[in-house]
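The values are calculated or read from the model by the stated rules, or taken from the named source; none is laboratory data. Quick caveat: nothing in here was measured; it's all calculated off a predicted structure. Glycine gets a Cβ as well: all are built from the backbone with ideal geometry, and neighbour counts include every protein chain shown. The accessibility values were calculated without ligands, DNA or RNA, using every heavy atom of the protein model including side chains. Shrake-Rupley method; radii C 1.70, N 1.55, O 1.52, S 1.80 Å.
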Amino acid sequence: MEKYIFKFFKKLWFFIINRFRIPYIEFVMIIYYSLVLFNDVAIPEKYLLKLVVAYLAGFTGFLILLDCIISLYKYMTIEHKGTDKKLVIKKIVLKIVLLIFPLIIRFIEKVLSQIIIPSEGISNLSQLGLLYVLLVLISSLVFISLIVRYSMISGFWKNGWVSLIFASYIFIAYSFSLIYYIGDYYSVSKGEGFSFSEKIENEILVRNALNNFDKELVGFQEGYLETVIKEKQNKIGYTVIDVEGNELNLTTDKIGEGWAGYFYDDLIKSYNLFSILDITDFKFSNNSFIESYSKVNYNIFINGNYKLLKIGLYNIPNNELNGSIIKDKYSGLGIERYLKREIYLVISEENFTNYSVLELQSKNYILLNKLLAFSNVLLDDSIVQINQIITEGKSISFIDYLYYSFVVITTLGFGDITPISKLFRFLTVLEALLGLITMGLFLAKVFDSKK
């Protein structure tokens with residue numbers, strides 16, 4: 001039995017060494033190192049993605065290792081007629097160096113990170129951030145130089161220089177995007193290494209708020225929150241008041257369609273019909289206010305005229321007016337037994353008049369979100385959480401810096417993202433110069449090939 005097993009593995013091994021060959025191994029090596037860098041630098045807090053990238057890096061590394069073993073085996077067992085043995089050895093050594101190079105860099109990184117103190121370094125960058133920036137910068141340049149050297153020895157450079165230069169160009173841009181990302185991530189003031197245009201700033205704030213929002217969002221709530229942040233409705237002044245023993249978050253103006261849509265989508269998860277139970281004139285007094293989360297002029301409320309609306313929330317089986325608000329009590333329908341909750345809305349006289357005009361235009365009912373949009377009441381404290389997330393700092397996204405890096409290396413210079421610190425300015429100039437040199441090398445080779 002052992003004899004047959006031995007024969008099987010022997011045949012398998014000879015099949016592998018005779019058949020196995022990685023085409024364009026230079027590109028496989030670049031992909032391998034790119035995955036190692038990305039896993040180590042760009043995803044410090046995302047475990048699942050880190051695991052997937054680690055497996056991919058391990059797989060590509062295994063392919064390169066297998067190629068090294070087969071090359072070494074062939075060198076030791078097969079006579080190389082007419083082959084420069086020193087050249088073969090150089091190729092094998094360079095493959096091994098390129099394979100273990102990322103591991104050496106990671107080892108150096110771990111040793112140095114245990115020694116240095118992660119306090120402020122230079123140009124608002126922590127010493128740990130500076131270590132990562134220098135390691136990625138130096139190791140990437142050394143690695144791409146070794147790849148080019150290997151391609152010259154292997155003969156790939158002679159015919160494949162176009163694709164290799166292009167791959168090097170992409171790798172440089174990719175490496176610098178990692179440098180910008182990790183540098184900004186480890187800035188003393190996280191996310192303050194670059195300045196963003198207003199449009200990109202808003203997109204970052206929206207992404208930051210949605211990614212870190214604790215509440216489960218349903219329907220179009222994400223879209224409504226995006227509208228809220230882009231239109232600065234999260235900055236609206238508000239205070240907490242007491243109405244018949246209920247605490248209401250009262251804003252200085254109507255909450256608008258963004259907040260209204262957000263609250264409406266939340267309500268229709270549990271209720272399918274709404275009714276106006278009562279409408280009364282309402283006046284504020286100094287005793288009405290409990291606390292304020294922003295500088296609010298209470299005289300705006302005290303001197304104004306308001307309407308207080310009591311809204312009933314129902315959950316009625318087989319309701320045809322799903323998500324609608326009935327203008328009257330409709331006691332004859334017998335819906336009182338389905339009443340589940342009551343909420344209060346405060347609407348200024350002017351906005352209530354506008355709402356009444358809208359109400360007259362409808363036949364039997366209108367949607368609750370229209371009524372909410374005219375009110376001055378936030379139905380929960382989501383605004384507190386959103387503002388807290390936003391004030392904690394920008395959401396660092398690798399994609400933003402990848403985009404910026406390609407804009408720099410191609411010298412497009414859109415100006416929507418600009419470096420603030422001296423270090424990032426220097427790195428931006430360095431990347432642009434490396435891009436020009438690489439492109440210059442490409443054009444020179446094209447010119448030489450046509451002679």
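May I ask you to give the percent of accessible area on the range 192-288 that is carbon plus sulfur, with a probe radius of 1.4 Å? So the carbon and sulfur contribution to the accessible surface is 41 percent. Paramagnetic label reach from Asn297 (point 7 Å along Cα→Cβ; backbone nitrogen cut-off under 17 Å): within the range 250-276, residues 251-254.
Could you calculate the FRET efficiency of Leu430 with Asn286 from 1/(1 + (r/R0)^6), where r is the beta carbon distance between them and R0 is 60 Å, rounded to 0.05?
On the way: r = 62 Å, r/R0 = 1.04.
About 0.45, to the nearest 0.05.
If I stretch the segment between Thr418 and Met439 completely, what's the gain in nm (0.36 nm per residue apart, minus their alpha carbon distance), one decimal?
Values: separation 21, 0.36 × 21 = 7.56 nm, distance 2.32 nm.
Here the segment from Thr418 to Met439 would lengthen by 5.2 nm.
On a full-extension model of 0.36 nm per residue, what is the gain between Met76 and Asp242, subtracting their alpha-carbon distance, rounded to one decimal in nm?
Numbers: separation 166, 0.36 × 166 = 59.76 nm, distance 8.75 nm.
That pair, Met76 and Asp242, stretches by 51.0 nm at full extension.
With 31 Å as the limit, the listed pairs Lys269/Lys307; Lys91/Lys422; Lys215/Lys340; Lys230/Lys340; Lys230/Lys283; Lys199/Lys283 have Lys91/Lys422; Lys230/Lys340; Lys230/Lys283; Lys199/Lys283 beyond it between alpha carbons. Applying 1/(1 + (r/R0)^6) with R0 = 22 Å to the Cβ-Cβ distance of Val88 and Val142 gives a FRET efficiency near 0.40. Distances between placed amide hydrogens fall under 5 Å for Ile326 paired with Phe274, Ser275, Ile276, all partners being 5 or more residues away or on another chain.
Peptide packing for 272-281, 24-33 was compared via the average number of neighbouring C-beta atoms within 10 Å per residue; ordered from the highest value, the list is 24-33, 272-281.
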